[in-house]
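The values are calculated or read from the model by the stated rules, or taken from the named source; none is laboratory data. It should be emphasised that the depicted structure is a prediction, and the values quoted were computed from it without experimental measurement. Here the Cβ positions follow ideal geometry from the backbone for every residue, glycine too, while neighbour counts run over all protein chains shown.
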Amino acid sequence: MAIRFTVNGAAREIDVDPEKPLLWALREDLGLPGTKFGCGAGLCGACTVHLDGAAIRACLTPVGSVEGQSITTIEGVAALDAGRRVGEAWHTLDVPQCGYCQAGQIMSAVALLTEVPDPDDAAIDAAMAGNLCRCSTYVRIRAGIKAAAKSRGAAA
Amino acid sequence: MTAAMLSRRRFVGASLLAGGGLMFELAVPIAAHAADGAEPRLLTAFIRVLPGNRFVIGGKNAEIGQGAKTSLPMMIAEEFDVDWDQVTVEQTHADQSLFGAQSAGGSRTTAREWLPMRQAGAAARQMLVMAAARKWNVPEDGPTTASGMVKDRRSGRSIAYVDLAPEAAMLTPPDPSALKLKDPAQYRIIGKPIPGVDTPAIVAGKPLFGIDVAQPGLLHAVLETCPAVGGRFKSANLDTVRALPGVRHVLTITGNGEAESLLDGVAILAESFWAANKARESLEVAWDDSAQAGFSTESYAAQAATALGAKAASEVLRKGEPDAAFAAAARTVEARYDYPFLAHGTLEPQNCTALFKDGALEIWAPTQNPENGRGLVAKALGIAPEKIRINLTRIGGGFGRRLMNDYMVQAAAIAAKVPGTPVKLLYTRQDDFRRDFYRPAGWHAFAAALDGEGKVTAFRDHFVGFGTGEAPVRAGELPGAMVPANLVDAVLLEQDLLATNLPTGWLRAPGSNALGFVSQAFLDEVAEAAGKDLPSLMLDLLGSPRALAGEGRGPAFHTGRARGVIEKVVAMADWQGRGKLPKGRGKGFGFYFSHAGYFAEVVEVSVADGQVKVHEVWAAGDVGSQIVNPLNALHQVQGSVIEGLGQALAGQKITQVAGVVEQANFDTHPFQRIDATPKINVEFVITDNPPTGLGEPALPPVIPALVNAIHAATGKRVRSLPVDLA
């Protein structure tokens, strides 16, 4: 069955089982391996993407359910102002260690900053607690979100 | 590699690249490290000098987030005397005959590579200086270098490295060991905060990891093995599964009975991972697990309790006269401690891609230990090691799990059955939790003898772990050189070893992550009985600065370096002012020495309604004379501290019923989250010792510091992990 939706601003169409999770459709059918598989159960956040701007877990989302909607992944998030600022902060502060969770961390951070432009520690913890970082880069994730918040309004 | 071969081989080769660049192949002799027991060997690094005076440096070690892909090229670039922004790092493949050791384990990379990497860079630089001196007809000690340029101060001439390529390629290389290396005061790259070389690609979501490997015609594989590790395959509904959508092959894999190599299994190969894993839901396998079904967490605990109540099966170490010392003690302190099996839970599940074609194997593997994998694959499949090429991918977390290469052997065994087709094997999260090499559980009955002045005169540990006969399982040893056994005159270490079907392995700071907890938490009890605090007791035990021999291949332990970090953290954490803390709040201390690194840490907690909140952590470490990359060094210590806190507080334990591990995902074996992350203060004590690694030594002390803080806050001793104050 053909399923049509928008990915990173581009119209895409794939012919797969609508029950296939969005995570695997992105990775296997759309050539976008940046979104990561961690747990398959919505427990780690490695597969976080945006559905019409909100952070969702792609491993639990059947691709058929996003028909006609708009998905943003790590490959396209830098096109958003908050995405660009988070990416720059992540690089400057060298947030990643192994880096495997960071696509999900960045997607959650961008969703947070879009909703709360200047979050405090409590807001950051509440928004980011669903994203596991096995290397425990949490000190820098907090700092990265604050640095990205601070650079709001700065020129690209 | 013999000494004669070393002397015959050129140390540095320079050759012209098509298009006008220069390729340096730098082979640097590495003296046999006494602790390695290996022969002297050559290490080959490479630098490509490209048009535009840009430089590609090979990153030879597996990158698990420990930072070696950045830090080793930093060492080369420093002595090559180029700017870091002129450098691109390229991951090499696995070949120890070319690159020397490429493993990522034991926090050993920095110590092993510190000298040869700098020598490699210095040798290449020297050839360019010699080339410029000839071109300009000046003495070779005249020209200087900076930013990839050779300069002659007297004449004011300068020339880019790349423009010296034709001359440099003609030269006889220098002996790297005869070159003078930079004074650290002159460093422009080493010691500077440099972001990881892959960080931009990570942020952009580029494919870097093993799971991201793409090959034309690739099939995706899932592997079912016996839920009770080690069970044998009997039968399965293979034909039913073969008929399911997207499935291309269903294969039985006959193992060799070794978990680190290959166990029996059924592999499903499909056009997508999702199709393969969905088909797996219909797979029904009959296993023979009669040899495994008797193992359970409950039975281990019962056996341990029995063993601790009786005379131990064997002595690991008897030093001085422990029996006499205990008989003469003014006071004896006794306590029992235990800790559970733990899983690694790397966020990137185990995976490997393999292609078997024309009798040769090509492998793409996120492995911390590639040569071990090559050997295992060669032996299991009967393929010559030189017919196996291993490409190293970036690794989504190691923590010791990927020192094992079971996933590599499995992928190779599957690929060997479908020649010409690349196969990517991927574990589900449940596979990853149930096919781990676990940190082994352990039980300790400690005793310490105190004399009338509160001095520790004897130390005893009756340990119950796992093993066969007197041989403990991997990562389940009781080392005679552990603190405080190495500091007390009269010592008795004895053990009983239980049988298990669970394979065990190295988890970040193996051995020490458990022994640091039990020994330093027990010493806190001893200190209390002696009317002291733990830092004071440790300083008493350490005595005057001196080096104590390590055990076997282990490093020496210097009491002065231990004193240095203890005194440092006591000052950082305002330890003497801890009495001013309000009720329900407390500070605890822990020290440990592991992987050649010295760390002392203080944790501050509050406890309310049985819930522990960690407010702040102070860590002081001594890893020698130079922090190679301070940005990453801080990261490693913070990560170790949070991981250690998680082992105690997040509820981690692997339990087993009828041979089967019960935990299957992050809900039942949780790791620490951002909302439990305290403020962490880190300082390094710089001493005149060769730099050593930072992946592990900051982890062990934080666990005893935490439980000692809980005692300070509540009066309750935590003698079992994970912490449960209910």
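Looking at segment B:359-376, can you tell me whether even one residue there is free of Cβ contacts under 8 Å to residues at least 40 places away in the same chain, over 27 Å from residue B:432 (Cα atoms), in the same structural domain as residue B:414 (by TED's automatic domain parsing) and assigned to a loop (DSSP other than H, G, I, E, B)?
yes
Which condition number does residue A:43 fail, the rest of (1) crowded, with 20+ Cβ neighbours inside 10 Å; (2) touching a residue at least 24 places away in the same chain (Cβ under 8 Å); (3) within 10 Å of chain B (Cβ to nearest Cβ); (4) among the hydrophobic types (A, V, I, L, M, F, W, C) being met?
Going through (1) crowded, with 20+ Cβ neighbours inside 10 Å; (2) touching a residue at least 24 places away in the same chain (Cβ under 8 Å); (3) within 10 Å of chain B (Cβ to nearest Cβ); (4) among the hydrophobic types (A, V, I, L, M, F, W, C) one by one, residue A:43 breaks only (1).
Determine whether residue B:671 is within 21 Å of the chain's Cα centre (by Cα) and within 14 Å of chain A (Cβ to nearest Cβ).
Details: within 21 Å of the chain's Cα centre (by Cα): yes; within 14 Å of chain A (Cβ to nearest Cβ): yes.
Criteria met by residue B:671.
Is segment A:149-156 home to any residue that is within 8 Å of chain B (Cβ to nearest Cβ) and among the basic types (Lys, Arg)?
The first filter runs over segment A:149-156 and keeps only residues within 8 Å of chain B (Cβ to nearest Cβ), leaving none.
No; the residues of segment A:149-156 include none that is within 8 Å of chain B (Cβ to nearest Cβ) and among the basic types (Lys, Arg).
In segment B:193-202, how many residues are part of a loop (DSSP other than H, G, I, E, B) and either closer than 30 Å to residue A:30 by Cα or acidic (Asp, Glu) (or both)?
Of segment B:193-202, the ones part of a loop (DSSP other than H, G, I, E, B) are B:193-198.
If we keep only those that are either closer than 30 Å to residue A:30 by Cα or acidic (Asp, Glu) (or both) too, we end up with B:196-198.
Adding up the residues that qualify gives 3.
Under the condition of being of a type outside the set (A, V, I, L, M), over 16 Å from the mean Cα position of the chain (by Cα) and within 14 Å of chain A (Cβ to nearest Cβ), which residue from segment B:644-654 is surrounded by the fewest Cβ atoms within 10 Å (Cβ to Cβ)?
The extreme case among them is B:651.
Yes or no: segment B:178-193 includes at least one residue that is surrounded by fewer than 18 Cβ atoms within 10 Å (Cβ to Cβ), free of Cβ contacts under 8 Å to residues at least 60 places away in the same chain and small (Gly, Ala, Ser). Write out each step before concluding.
Looking only at segment B:178-193, we keep the residues that are surrounded by fewer than 18 Cβ atoms within 10 Å (Cβ to Cβ), and these are B:178-188, B:191-193.
So of that shortlist, the ones also free of Cβ contacts under 8 Å to residues at least 60 places away in the same chain come out as B:178, B:180, B:183, B:185-186.
Applying the additional criterion that residues be small (Gly, Ala, Ser) yields B:178, B:185.
Scanning segment B:178-193, I find at least one residue that is surrounded by fewer than 18 Cβ atoms within 10 Å (Cβ to Cβ), free of Cβ contacts under 8 Å to residues at least 60 places away in the same chain and small (Gly, Ala, Ser), so the answer is yes.
Can you list residue pairs whose Cβ atoms sit under 6 Å apart, with the first residue in segment B:108-121 being more than 20 Å from residue B:597 (Cβ to Cβ) and the second being buried (at least 24 other Cβ atoms within 10 Å of the Cβ) and of a type outside the set (A, V, I, L, M)? Count only pairs 6 or more apart in sequence or on different chains.
Sorted first by the residue in segment B:108-121, then by its partner, the pairs are B:118/B:79; B:119/B:176; B:121/B:79; B:121/B:80.
Across segment A:26-39, which residue is nearest to the other protein chains (Cβ to nearest Cβ) among those that are in contact with a Ser or Thr (Cβ under 6 Å, 6 or more places away or on another chain) and surrounded by fewer than 24 Cβ atoms within 10 Å (Cβ to Cβ)?
Restricting to residues being in contact with a Ser or Thr (Cβ under 6 Å, 6 or more places away or on another chain) and surrounded by fewer than 24 Cβ atoms within 10 Å (Cβ to Cβ), the top hit is A:28.
On the given criteria, is residue B:110 closer than 30 Å to residue A:32 by Cα, within 37 Å of the chain's Cα centre (by Cα) and not acidic (Asp, Glu)?
On the way: closer than 30 Å to residue A:32 by Cα: no; within 37 Å of the chain's Cα centre (by Cα): yes; not acidic (Asp, Glu): yes.
Taking the combined requirement at face value, the residue does not satisfy it.
Which of the following residues is over 34 Å from the mean Cα position of the chain (by Cα) and at negative phi: B:232, B:242?
Only one candidate qualifies: B:242.
Any idea which of (1) within 9 Å of chain B (Cβ to nearest Cβ); (2) more than 15 Å from the chain's Cα centre (by Cα); (3) surrounded by fewer than 21 Cβ atoms within 10 Å (Cβ to Cβ) is the one residue A:140 doesn't satisfy?
(3)
Looking at residue B:199, is it crowded, with 17+ Cβ neighbours inside 10 Å, on the phi < 0 side of the Ramachandran plot, hydroxyl-bearing (Ser, Thr, Tyr) and away from every other protein chain (no Cβ under 14 Å)?
Numbers: crowded, with 17+ Cβ neighbours inside 10 Å: yes; on the phi < 0 side of the Ramachandran plot: yes; hydroxyl-bearing (Ser, Thr, Tyr): yes; away from every other protein chain (no Cβ under 14 Å): no.
When the stated conditions are applied, residue B:199 does not pass them.
Which of the residues spanning segment B:496-525 are more than 24 Å from residue B:643 (Cα to Cα) and either surrounded by fewer than 24 Cβ atoms within 10 Å (Cβ to Cβ) or out of contact with any Phe, Trp or Tyr (no Cβ under 8 Å at 6 or more places or on another chain) (or both)? So that I can check it myself, show each step before the final result.
From segment B:496-525, those more than 24 Å from residue B:643 (Cα to Cα) are B:496-501, B:525; that's our starting set.
Answer for segment B:496-525, where residues must be more than 24 Å from residue B:643 (Cα to Cα) and either surrounded by fewer than 24 Cβ atoms within 10 Å (Cβ to Cβ) or out of contact with any Phe, Trp or Tyr (no Cβ under 8 Å at 6 or more places or on another chain) (or both): B:496, B:497, B:498, B:499, B:501, B:525.
Grab the helices (runs of 4 or more DSSP H) fully contained in segment B:499-583, keeping just those with 3 or more residues being under 27 Å from residue B:346 (Cβ atoms).
On the way: elements: B:512-529, B:534-542, B:559-572.
Those helices (runs of 4 or more DSSP H) span B:512-529.
Hey, residue B:677 hits all of (1) within 14 Å of chain A (Cβ to nearest Cβ); (2) more than 24 Å from residue B:581 (Cβ to Cβ) but one; which does it fall short on?
So residue B:677 meets the others, but not (2).
Take residue B:608 and tell me if it is among the small types (Gly, Ala, Ser), away from chain A (no Cβ under 14 Å) and either surrounded by fewer than 22 Cβ atoms within 10 Å (Cβ to Cβ) or farther than 30 Å from residue B:108 by Cβ (or both). Break it down stepwise before answering.
Working: among the small types (Gly, Ala, Ser): yes; away from chain A (no Cβ under 14 Å): yes; either surrounded by fewer than 22 Cβ atoms within 10 Å (Cβ to Cβ) or farther than 30 Å from residue B:108 by Cβ (or both): yes.
Considered against the rule, which asks whether it is among the small types (Gly, Ala, Ser), away from chain A (no Cβ under 14 Å) and either surrounded by fewer than 22 Cβ atoms within 10 Å (Cβ to Cβ) or farther than 30 Å from residue B:108 by Cβ (or both), residue B:608 comes out as yes.
All but one of (1) surrounded by fewer than 24 Cβ atoms within 10 Å (Cβ to Cβ); (2) of a type in the set (D, E, K, R); (3) touching a helix residue (DSSP H, G or I) at 6+ places or on another chain (Cβ under 7 Å); (4) in a helix (DSSP H, G or I) hold for residue B:112; which doesn't?
With respect to (1) surrounded by fewer than 24 Cβ atoms within 10 Å (Cβ to Cβ); (2) of a type in the set (D, E, K, R); (3) touching a helix residue (DSSP H, G or I) at 6+ places or on another chain (Cβ under 7 Å); (4) in a helix (DSSP H, G or I), residue B:112 is out only on (3).
Looking at segment B:254-297, which of its residues are charged (D, E, K, R), touching a residue at least 40 places away in the same chain (Cβ under 8 Å) and more than 14 Å from every other protein chain (Cβ to nearest Cβ)? Before the answer, list the steps.
So the first thing to find is which residues in segment B:254-297 are charged (D, E, K, R), and the list is B:258, B:260, B:264, B:271, B:278, B:280-281, B:284, B:288-289.
The next check asks that each one be touching a residue at least 40 places away in the same chain (Cβ under 8 Å); those that pass are B:260, B:271, B:280, B:284, B:288-289.
Residues satisfying the conditions are B:260, B:284, B:288, B:289.
Just one of B:641, B:657, B:702 is away from chain A (no Cβ under 14 Å) and either within 23 Å of the chain's Cα centre (by Cα) or surrounded by fewer than 24 Cβ atoms within 10 Å (Cβ to Cβ) (or both); which is it?
On the way: B:641 fails: away from chain A (no Cβ under 14 Å); B:702 fails: away from chain A (no Cβ under 14 Å).
Testing whether each residue is away from chain A (no Cβ under 14 Å) and either within 23 Å of the chain's Cα centre (by Cα) or surrounded by fewer than 24 Cβ atoms within 10 Å (Cβ to Cβ) (or both) leaves just B:657.
For the subset of segment A:91-105 comprising residues that are within 7 Å of chain B (Cβ to nearest Cβ) and in contact with a Phe, Trp or Tyr (Cβ under 9 Å, 6 or more places away or on another chain), which member is farthest from residue A:73 (Cα to Cα)? Before you say what the answer is, go through the steps one by one.
Going through segment A:91-105, the residues within 7 Å of chain B (Cβ to nearest Cβ) turn out to be A:91, A:94, A:96-103.
With in contact with a Phe, Trp or Tyr (Cβ under 9 Å, 6 or more places away or on another chain) added as a condition, the list becomes A:96, A:98-100, A:102.
Numbers: A:96: 18, A:98: 19, A:99: 16, A:100: 15, A:102: 12 Å.
For segment A:91-105, the residue satisfying everything is A:98.
Would you check if residue B:459 is of a type in the set (Phe, Trp, Tyr) and farther than 17 Å from residue B:342 by Cβ? I'd like the intermediate steps shown before the answer.
Details: of a type in the set (Phe, Trp, Tyr): yes; farther than 17 Å from residue B:342 by Cβ: yes.
Yes: the conditions hold for residue B:459.
Please tell me if residue B:131 is buried (at least 24 other Cβ atoms within 10 Å of the Cβ) and within 29 Å of residue B:692 (Cβ to Cβ). Step through it out loud before you land on a result.
Working: buried (at least 24 other Cβ atoms within 10 Å of the Cβ): yes; within 29 Å of residue B:692 (Cβ to Cβ): no.
Spelling it out, it is not the case that residue B:131 is buried (at least 24 other Cβ atoms within 10 Å of the Cβ) and within 29 Å of residue B:692 (Cβ to Cβ).
Those residues that are closer than 13 Å to residue A:146 by Cα and more than 7 Å from chain B (Cβ to nearest Cβ), I need them from segment A:64-90; list them, please. If you could, list the steps in order and put the result at the bottom.
Keep residues of segment A:64-90 that are closer than 13 Å to residue A:146 by Cα, which gives A:82, A:85-90.
Within segment A:64-90, A:82, A:85, A:86, A:88, A:89 meet the criteria.
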